[in-house]
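Here the structure is laid out as structure tokens; the discussion comes afterwards.
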Amino acid sequence: APVLSDAGALAAVNASGLNPRYIFSSFIVGKGNELAFAAAARVAKEPGTKYNPLFLYGGVGLGKTHLMQAAGNELLRTAPNLKLLYVTSEQFTNDYVSAIKSGAIDRFKNKYRTVDLLLVDDIQFIGGKEQTQEEFFHTFNALRDVQKQIILTSDRPPKAIPALEERLISRFEWGMIADIASPDLETRMAILQSKSQERSAVLNDEVLRYLAINIQGNVRELEGALNKLLAFCELNDTAPSFEAAKSVVASITMSQKKGGITSRELLRVVAEYFDITLDELTGQSRRKELVVPRQITMFLMREELDASYPAIGKEL
């Protein structure tokens, strides 16, 4: 069955930037996210009322974007004519900068201030961007004043976002703040079971438990381990077994050990490659020739070390 049965609703989802796969029924609820789930479901039923804004925060890969978009998809399922917009904070900033350069501020305001539901992912990235914060402040007020719903996600609560203006912090705290924590063992098993069913694969409890016990990170890591197990079994034309699960977990662990590198070592390697000093790489200078090395460093720390944004900021 299609995710959204109504063709008009599906068209509205695509126009708003939502992923139609992100729905409430595919979100696994556990102790770490039940409050956030309940709040998002309430917003989908009564937008613009009690929980406005809804502010969801938590670590990488825990389902913030899924839950945010599920509320939007549910609203469009019941009311396809509603005007929704999903963007990242980076998109919001880029749109604003482009509007200033092209003299299209009115078009920018029309895009962001006439929606029924505004979803902004990773709002922490507007920290320190004074003009972007100014514009978002006015956009926020314009929407909330006419009871239009706002949902925001972040990797930390409002007060912990660096260089975020006090007036925005207070507005982010007006509605409902809900954190999403790492899933416990039972939830991890439920996630694995759900993901395996999506792929028409049958995993017994022993295999599910072994994977859930040994892969304790976020949902993406769990899904990655499951994908590797299913691919391994498909290549070997065998059913997912406990021995296969052990082999996959061992290969993941070995890969992590081989790739074990500290953030300082990574900084040193990048500095050596670009023939600059560590002080230049991590210093205050904004010379053009330092921009690319820093960007590559941030990318590698995120991808190879799975470092949090605060950790990357602290190192650089």
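Are any residues in the range 283-300 in a helix (DSSP H, G or I), among the polar types (S, T, N, Q) and open to solvent by less than 100 Å² (accessible area, probe 1.4 Å), and if so, which ones?
Selection gives THR297 alone.
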Practice item. Go through the range 301-316 residue by residue and tally those that are open to solvent by 60 Å² or more (accessible area, probe 1.4 Å), in a helix (DSSP H, G or I), of a type in the set (D, E, K, R) and touching a residue at least 12 places away in the same chain (Cβ under 8 Å). Key: 1
Practice item. Looking only at the range 1-29, count how many residues are open to solvent by less than 50 Å² (accessible area, probe 1.4 Å) and modelled with pLDDT under 90. Key: 7
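Return the only residue of SER182, SER154 being within 21 Å of LEU62 (Cα to Cα), surrounded by fewer than 18 Cβ atoms within 10 Å (Cβ to Cβ) and touching a residue at least 40 places away in the same chain (Cβ under 8 Å).
Numbers: SER154 fails: surrounded by fewer than 18 Cβ atoms within 10 Å (Cβ to Cβ).
Testing whether each residue is within 21 Å of LEU62 (Cα to Cα), surrounded by fewer than 18 Cβ atoms within 10 Å (Cβ to Cβ) and touching a residue at least 40 places away in the same chain (Cβ under 8 Å) leaves just SER182.
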Check your understanding: Quick one: what pairs do we get from the range 231-253, first residue surrounded by 12 or more Cβ atoms within 10 Å (Cβ to Cβ), second of a type in the set (Asp, Glu) and in a helix (DSSP H, G or I), C-beta under 6 Å, 6+ apart or different chains?
Key -> PHE242/GLU206
Review point. When the range 262-282 is examined, which residues are found to be at pLDDT below 85 and surrounded by 13 or more Cβ atoms within 10 Å (Cβ to Cβ)?
Key: SER263
Point to revise | Which numbered condition GLN216 fails, given (1) open to solvent by 60 Å² or more (accessible area, probe 1.4 Å); (2) at pLDDT below 85; (3) in a helix (DSSP H, G or I) | key: (3)
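The values are calculated or read from the model by the stated rules, or taken from the named source; none is laboratory data. Only a predicted model underlies this, so the values are computations on that prediction, with no experimental measurement involved. We place every Cβ from the backbone using ideal geometry, glycine too, and count neighbours over all the protein chains shown. Surface areas here come from the heavy atoms of the whole protein model, side chains and all, with no ligands, DNA or RNA. Shrake-Rupley method; radii C 1.70, N 1.55, O 1.52, S 1.80 Å.
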